[in-house]
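Engineer: Provided herewith is a single structure, encoded as structure tokens, for subsequent inquiry.
The values are calculated or read from the model by the stated rules, or taken from the named source; none is laboratory data. Given the structure is predicted, the values throughout are model-derived calculations rather than measurements. Here the Cβ is made from the backbone with ideal geometry for all residues, glycine too, and neighbour counts use every protein chain on show. SASA here: full protein model, heavy atoms, side chains in, ligands and nucleic acids out. Shrake-Rupley method; radii C 1.70, N 1.55, O 1.52, S 1.80 Å.
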Amino acid sequence: MALASVAPTTAKAAEAPAKTDANLLFVNGTVLTPQGTAEAIAVRDGAIVAVGSSADVLKLPHAGATTVDLQGRTLMPGLYDMHVHVYPAGQAKLACKIPQGAGAPVIFATVKACAAKAKPGAWITGGSWVAAALKPGEQTRQLLDRAAPDNPVMLDDESLHSVWVNSRALQLGGITRATANPAGGVIDRDAKGEPTGVLREAAARNLLAVLPPVPIDQQVAAIKAATDEMLSYGIIGFTDAAIRRDGAEAYARFAATGGLRQYARGCAVWGPNSGGSEGLVAARQDYSKGRFQLDCVKMFLDGVPLEGRTAVMLQPYEPRHGEHGSDGTGGEKGLMMVPPDKLNAAVTDFDRQGLLVKFHAAGDGAVREAADAIAAARKANGWGGQHHEVGHNTFIDPADVPRGRELHFTWELSPYIWWPTPITSVDIAAAVGPERMKRLWPARDVIESGANVVTGSDWPVVPSVNPWLALETLVTRQVPGATGAPINEGQRITREQALALMTRNAAAEMGRLDRGGTIEVGKLADVIIVDRNPLTAPVGTIHQARVIRTYIAGELVWSSEGNAKP
Ligand SMILES: [Zn+2]
């Protein structure tokens, strides 16, 4: 159903709008404000000038204004995603997309269709395949040769540790039966010793090096594809959690030409040996254009608490199954990626420069290292720096929970998997055991500690950027639809709390709470029209909420009405 958009509603056609007239009205809706619900708002030049009843708002001078009749729908603040990887997400959207868990016939048909659209000789990249869905002997380079005889093909597996390529790709990579396995990599071979087309770890990475660089137009197209998808879910601001030189160039071009609609922060990836993040940090003003701000540095402190056990934990992981005869755990606590002295020095330096530091810290040991580094920076520089972000926080030691508030840093909870999934209930549970599972994603604890708390999807690490899925499951901790047993239900939060994480708190973290994050007079109209009120709809339906329109600073930037959705 289309929204009635009555425009213009001039009283007298000849009357020119006065400077003080509102030029955009939203009436007859449920408007979510910090003071409760209202029916209507008036907007002038992108800013909210009135919030109240429809009758009151319509009484305001509004010559020539556009009036949007909400027809009872909800008008609420636009949402923020504080941890997203826009470029890879967009690339995945544009790449050759294999349906999840596809068997060989579907993979063949998919690649064939992609080849039909590709220029001869152009690389076809995409993914992902799951080894378990393929029968023994099916996964051959010859299958891909038949699907795409004129193109090199490279398909990632689900874990991004292996690739499946065709003969042309092997040729371009110089890989033959005579090629030895590289250090840390494997070239799978058939009974005759010929490469099958499956390359693992370093063998896969070596092939990546022969891929031609992605043209900047294509990078911009990927960023546009991803940001458009986010607008369709009502996401009006985001933090890109890992920017490299390529991505930065593309963002700058996209933002400078007005293509980027959202408020965006980029975090340049930094490592102890990267020499100042490829110069990106020093050159950040070259890339900060339009609504894109490159003012953040990303540091990876650990990995993930899955079967690889790369997240840094304070206590050892559980013994592995089938490891009889060895000590099993080996006191395994994960591997810290940055030595503490280097970490503290770098964080202190970036803090002094006014940069925000965003940490990848999944295990409670990495979280502690991050908090310690922030403490070192505060000690050296005082309290005038940024609210740094400790991200992921799959586990936080109870002793560290108050430190976000004490040290003025923000907890960023990601990715959106706060409900029972094979990742949480099987993989993480097996790695850390039942006691620590009671501390999985302590959303309520960190909120009640009084610190700022925000959320991020980590898309495309998770398959969907849908923030409504996150909003619901922060409240239920159940499978979407509010079914089944919850996971760590003591950490459930209220709907109001969940909404604040994605609106008010995120705007504060972006340094724009004076302009956004809530619907109040004086703020910009960063608002969305939604088909239901997430504060009152049956909780198990929140994940199905559909955004009808997205506005940023009063400008309509996305509408479902022009799309296939009814
Ligand atoms: Zn991430």
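Engineer: Please give the number of the condition N505 fails out of (1) part of a helix (DSSP H, G or I); (2) open to solvent by 40 Å² or more (accessible area, probe 1.4 Å).
Structural biologist: Every listed condition holds for N505 apart from (2).
Engineer: Let me ask you something else. Across the range 508-522, what is the number of residues that are charged (D, E, K, R) and open to solvent by less than 20 Å² (accessible area, probe 1.4 Å)?
Structural biologist: Residues of the range 508-522 that are charged (D, E, K, R), as a first pass: 509, 512, 514-515, 520.
Pick out the ones that are also open to solvent by less than 20 Å² (accessible area, probe 1.4 Å) and you get 509, 512.
Selection size over the range 508-522: 2.
Yes or no, residue by residue, for (1) within 16 Å of the ligand (Cβ to nearest atom); (2) of a type in the set (D, E, K, R); (3) over 20 Å from the mean Cα position of the chain (by Cα):
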position: D351; (1), (2), (3): no, yes, yes
position: D364; (1), (2), (3): no, yes, yes
position: D372; (1), (2), (3): no, yes, yes
position: W383; (1), (2), (3): no, no, yes
position: V390; (1), (2), (3): yes, no, no
position: S414; (1), (2), (3): yes, no, no
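Engineer: Give the number of residues within the range 76-112 that are part of a helix (DSSP H, G or I) and within 16 Å of the ligand (Cβ to nearest atom). Talk me through it step by step, then tell me what you get.
Structural biologist: Step one: filter the range 76-112 for residues part of a helix (DSSP H, G or I), giving 86-94, 104-112.
Those left that are additionally within 16 Å of the ligand (Cβ to nearest atom): 86-92.
Residues in the range 76-112 being part of a helix (DSSP H, G or I) and within 16 Å of the ligand (Cβ to nearest atom): 7 in total.
Engineer: Quick one: what pairs do we get from the range 148-169, first residue under 18 Å from L134 (Cβ atoms), second acidic (D, E) and not in a strand (DSSP E or B), C-beta under 8 Å, 6+ apart or different chains?
Structural biologist: Note: pairs meeting the criteria are N166/D145.
Engineer: Write out, first by first residue and then by second, each pair whose Cβ atoms fall under 6 Å of each other, whose residues are 6+ apart or on separate chains, and whose first residue, in the range 229-248, is in the same structural domain as G456 (by TED's automatic domain parsing) while the second is of a type in the set (K, R).
Structural biologist: Close Cβ pairs (under 6 Å, with a partner that is of a type in the set (K, R)) amount to T239/R265; A241/K298; A242/K298.
Engineer: Can you report the number of residues in the range 435-466 which are touching a strand residue (DSSP E or B) at 6+ places or on another chain (Cβ under 9 Å), within 16 Å of the ligand (Cβ to nearest atom) and of a type in the set (G, A, S)?
Structural biologist: 2
Engineer: Then there is this: Looking at this structure, is F254 in contact with a Leu (Cβ under 8 Å, 6 or more places away or on another chain) and buried (at least 23 other Cβ atoms within 10 Å of the Cβ)?
Structural biologist: yes
Engineer: Among (1) crowded, with 19+ Cβ neighbours inside 10 Å; (2) touching a Ser or Thr at 6+ places or on another chain (Cβ under 7 Å); (3) of a type outside the set (V, I, T), there is one condition R200 misses while meeting the rest; what is its number?
Structural biologist: Checking R200 against (1) crowded, with 19+ Cβ neighbours inside 10 Å; (2) touching a Ser or Thr at 6+ places or on another chain (Cβ under 7 Å); (3) of a type outside the set (V, I, T), the one that fails is (1).
Engineer: List every residue pair whose Cβ atoms lie under 7 Å apart, where the two residues are 6 or more positions apart in sequence or sit on different chains, the first residue falls within the range 403-426 and is closer than 22 Å to R368 by Cα, and the second residue, located anywhere, is more than 16 Å from the ligand (Cβ to nearest atom) and among the basic types (K, R).
Structural biologist: The qualifying pairs are L407/R378; W418/R477.
Engineer: Moving on. Helices (runs of 4 or more DSSP H) wholly in the range 355-467 with at least 3 residues that are at pLDDT 95 or above and open to solvent by 50 Å² or more (accessible area, probe 1.4 Å) - which ones?
Structural biologist: Details: elements: 364-381, 403-406, 429-437, 443-448.
Where helices (runs of 4 or more DSSP H) fall fully within the range 355-467 and carry at least 3 residues being at pLDDT 95 or above and open to solvent by 50 Å² or more (accessible area, probe 1.4 Å), they are 364-381, 443-448.
Engineer: Quick one: in the range 227-244, of everything that is in contact with a helix residue (DSSP H, G or I) (Cβ under 9 Å, 6 or more places away or on another chain) and assigned to a strand (DSSP E or B), which residue is farthest from the ligand (Cβ to nearest atom)?
Structural biologist: For the range 227-244, the residue satisfying everything is I236.
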